[in-house]
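Structure first, then comments.
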Amino acid sequence: MKISVIIPTFNEEKFILETLKKVNDQKKTFDLEIIVVDDGSKDETINILEKNNSLFDKLIKNEKNLGKGAALQVGFKNSTGSIILIQDADLEYDPKEYSNLINPFLIYDADVVFGSRFRGSGPKRIIYYTHQFANKILTLICSLLCNKNFSDIETGYKVIKKSVIDKIQFEQKDFGIEIELVMKLSKMDAKIY
């Protein structure tokens, strides 16, 4: 099973190389297609990527910053894997977690898997209280509207079958894609883990 890892980037010169190396470490376990979508970076991100092009399969460059949602949509369209995994470029999420994210597809035939920064027994990075509070309110609203028990709708780890993502007509070009994905996947009655 091929997994397309989509890494949207915008001014990630500090983290992109380390992120790509950690994602590549997962090739020992998974068949990965690594797609980097640079969303108009103004720092050294593009230069770093071009000098290290052996660490990814595709580099897509947006001439100007269009937003995370737009970058993800370009990545979705250019992916060939049966599963799409979204990896933030800033290493807030560790690629060592891929097994936990992929297992529900193998064991339960999941359509979608969301990571959570607020559940599980492993170590959790401390985040700003205001960010967590806002996320919990958004998560509560989405859970009520969708009648689902989400724990972290703003998580960067979203893994979705390509066949499911191809059915979605996206509208959001910015970070609103996070909520849009949750809402539209819930309306599709996708099997979400």
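The values are calculated or read from the model by the stated rules, or taken from the named source; none is laboratory data. The structure presented is a predicted model; accordingly, all values stated were derived computationally and were not measured. Ideal geometry is used to build each Cβ from the backbone, glycine not excepted, and the neighbour counts take in all protein chains shown. Keep in mind that these areas ignore ligands, DNA and RNA; they rest on the heavy atoms of the full protein, side chains included. Shrake-Rupley method; radii C 1.70, N 1.55, O 1.52, S 1.80 Å.
Of the heavy-atom accessible surface of the chain (probe 1.4 angstrom), what whole percent is carbon and sulfur?
The value for the chain is 52 percent carbon and sulfur by accessible area.
Under the classification rounded if a/c is under 1.5, otherwise prolate if a/b is larger than b/c and oblate if not, where does segment 23-73 fall, given a ≥ b ≥ c as square roots of the Cα gyration tensor eigenvalues?
Here segment 23-73 falls in the oblate category.
Given charges of +1 on the Cβ of Lys and Arg and -1 on the Cβ of Asp and Glu, with all other atoms neutral, how large is the dipole of segment 1-52 about its Cα centre, in debye to the nearest 20?
280
Based on Cα positions only, what radius of gyration and what Dmax would you give for the chain, in angstroms?
Rg, Dmax (Cα atoms, Å): 15.9, 47.
Helix 68-77: angle to the longest alpha-carbon principal axis of the chain, degrees 0 to 90, nearest 10?
Tilt of helix 68-77: around 80 degrees.
Taking the Cα centre of the chain as origin, sum charge times position over the Cβ atoms of Lys and Arg (+1) and Asp and Glu (-1), and report the length of that vector in debye to the nearest 20.
Roughly 440 debye, rounded to the nearest 20.
Any chance you could give the angle, 0 to 90 degrees and rounded to 10, that helix 16-25 forms with the longest Cα principal axis of the chain?
70
If packing is taken as the mean number of other Cβ atoms within 10 Å per residue, what is the order of 69-77, 19-27, highest first?
69-77, 19-27
Give me the number: length gained by fully extending Glu44 to Asp166, i.e. 0.36 nm times residue separation minus the C-alpha to C-alpha distance, one decimal in nm.
Net length gain for the segment: 40.7 nm.
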